[in-house]
1. Every residue in segment 402-434 that is over 18 Å from Ala463 (Cα atoms), basic (Lys, Arg) and part of a helix (DSSP H, G or I), please.
2. What pairs can you find where one residue is in segment 79-92 and farther than 11 Å from Thr62 by Cβ, the other is among the polar types (S, T, N, Q) and surrounded by 22 or more Cβ atoms within 10 Å (Cβ to Cβ), and their Cβ atoms are less than 6 Å apart, with a gap of 6+ or different chains?
3. Working only within segment 157-198, note down all residues that are part of a helix (DSSP H, G or I), of a type in the set (A, V, I, L, M, F, W, C) and in contact with a Ser or Thr (Cβ under 9 Å, 6 or more places away or on another chain).
4. Among the residues of segment 296-322, how many are buried (at least 18 other Cβ atoms within 10 Å of the Cβ) and in contact with an Asp or Glu (Cβ under 8 Å, 6 or more places away or on another chain)?
5. Quick one: which residue in Phe433, Phe459, Phe482, Phe473 is hydrophobic (A, V, I, L, M, F, W, C), surrounded by 15 or more Cβ atoms within 10 Å (Cβ to Cβ), in contact with a helix residue (DSSP H, G or I) (Cβ under 9 Å, 6 or more places away or on another chain) and within 18 Å of Leu163 (Cα to Cα)?
6. Among the listed residues Pro321, Pro265, identify the single one that is of a type outside the set (S, T, N, Q) and farther than 25 Å from Asp166 by Cβ.
7. When segment 447-456 is examined, which residues are found to be surrounded by fewer than 18 Cβ atoms within 10 Å (Cβ to Cβ) and either part of a loop (DSSP other than H, G, I, E, B) or touching a Pro at 6+ places or on another chain (Cβ under 8 Å) (or both)?
8. Does Ser263 meet the test of being of a type in the set (S, T, N, Q), at pLDDT below 95 and surrounded by fewer than 20 Cβ atoms within 10 Å (Cβ to Cβ)?
Amino acid sequence: MTGRTPGPASARGPLRSIVIVGGGTAGWMAATLLARRLERQPVKITVIDSSAIGTVGVGEATVPGIRDFFREIGVTEQEVMAATQGTVKLGIEFVDWKREGERFFHPFGLYGMRSRGVAFHHYWRKMNVAGHASPLADFCLATALAERNLFMPPTDRPVHDLLFFDWAVHFDAGLFARFLAQKAIAWGVEHIDATITDVRVDGRTGFISGVDTSCGKAIDGDLFVDCSGFRSLLLGGALGVPYEDWTNLLPCDRAVAMPCTRSGPLTPYTRSTALEAGWQWRIPLQHRVGNGYVYSSRHISDDEAVATLKRRLEGEGLGEPNMIRFRTGRRTAFWQGNCVALGLAAGFMEPLESTSITLIQTGIEKLLALLPDRGFDPALAEEYNRTTGLEYERIRDFLLLHYFANVRRGEPMWDRCRDTALPEALAHKLRLFKARGHLVRYEWESFQDPSWLSMYAGFGIDAAAHDPGADHFSIPALESAFARMKESIAQAVALAQPHDAFLGLSARHPARAQAAEPGGAPDRLMMPAR
């Protein structure tokens, strides 16, 4: 189903009402951003959300784009972290993914410095081949801060790439939804606490005309936003849009989540640890540690998965295990007729790279960019479906690389992952990187070059050659430049403070001064571009 049927010609005119079915993170993110951006327009926004229905609510990690969302709705990172027991996230530590006993870091930051139009990793490879090996992580400020449990607000205008990094947040998803709900209701969003008893579909247009609720109210609307979770009551249920299953590519289909008390340091990063039948997340919050085991039910039973997670908790368990069943994939259309799905109602990408919330965010942004009138020109839905489909596929392929690149021998799930037939777009990326270190960037690529580079380096995927431009500089010149880069990063790290100290100060000093810039001029860190 493609959503090509237009609305009735007599229905032309601005939207008068938007009905959001489902609350949780997706519903209240949609409500707040729509209310903020449409505040001067005569459109009524209603959220129908039942307090009797629980949400998945374990998505506690984000990517840096979430801070753009905060700015859009007029709140600061400090406000959000104070309201949600939040912490800083500088990236993700991957433990035992390549093989047991090895780890690497995926940072929100750049590696090294370009020179003469040649990316840093080509110079780095040249040095490695010449016998001057140094971990790629040595040239990333975000990684250096994370390793030491430090943080400082990044400067808006770094004098050179070595000082560029970004950050995201960890938060309690339930508290975040509550925080957003308070904002949205204060901005005029109506909240109806009820369940949906029926979805009314116009037999002539195929559009949703309204929903009936358990409280007796019949809610009509122009645009419907499906945030009903895995049930996908509107898009998948009432409109019958099929689901495209990607379990053949990404093996995990279940998760068990269980928070616990914290016994270690308050780390400014997420940790992902590969296990025999999947992987475990660790997300530090101020009041607890979020833990979960994402696993393949073909390779471990539910009972064994729960026992494994409980055994690996660092502190006392808080509450009972939360069992989640899922199918990785997406709806074949995200916008059908007058209904747009967000969050789990649209699709599910396992939480390996914290993409669930960013897909909600970009979905809302695309909807606003293509916001229809009551005529619902099919071209708008077509473009939304095209770009969102690409976004899901790009994320899928990045996640798939994590599994495919492993060298954990003798474990059925991981052995099978290495034999996966890759989608052509991902296979093409790998071929070009292995040939000459070339990094391919596609349309609607959520993860940019440094992220792919962190995976290639972390899994030991090497290039057969480097950019010939890297041969402009001699090995001694590169040695000197690399030493200056490391010193510049060390100077920056010296200005940072402990992560927990930053969180303690943030409530008293919400507008802290940006960090000073160490390290000297760019042309003294890298070679002169002569």
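The values are calculated or read from the model by the stated rules, or taken from the named source; none is laboratory data. No experiment lies behind these values; they were computed from the predicted model shown. Positions of Cβ are generated from backbone atoms using ideal geometry, with glycine treated the same way; all protein chains shown enter the neighbour counts.
1. Residues satisfying the conditions are Arg416, Arg418.
2. Going by the 6 Å Cβ cut-off, the qualifying pairs are Ile92/Thr270; Ile92/Ser272.
3. Residues of segment 157-198 part of a helix (DSSP H, G or I): 161-163, 173-186.
Still in the list and also of a type in the set (A, V, I, L, M, F, W, C): 162-163, 173, 175-177, 179-181, 184-186.
Result: Leu162, Leu163, Ala173, Leu175, Phe176, Ala177, Phe179, Leu180, Ala181, Ala184.
4. The total comes to 3.
5. Details: Phe433 fails: within 18 Å of Leu163 (Cα to Cα); Phe459 fails: within 18 Å of Leu163 (Cα to Cα); Phe473 fails: within 18 Å of Leu163 (Cα to Cα).
Within the list Phe433, Phe459, Phe482, Phe473, the selection yields Phe482.
6. Details: Pro265 fails: farther than 25 Å from Asp166 by Cβ.
It is Pro321.
7. Gln448
8. Details: of a type in the set (S, T, N, Q): yes; at pLDDT below 95: yes; surrounded by fewer than 20 Cβ atoms within 10 Å (Cβ to Cβ): yes.
Taking the combined requirement at face value, the residue satisfies it.
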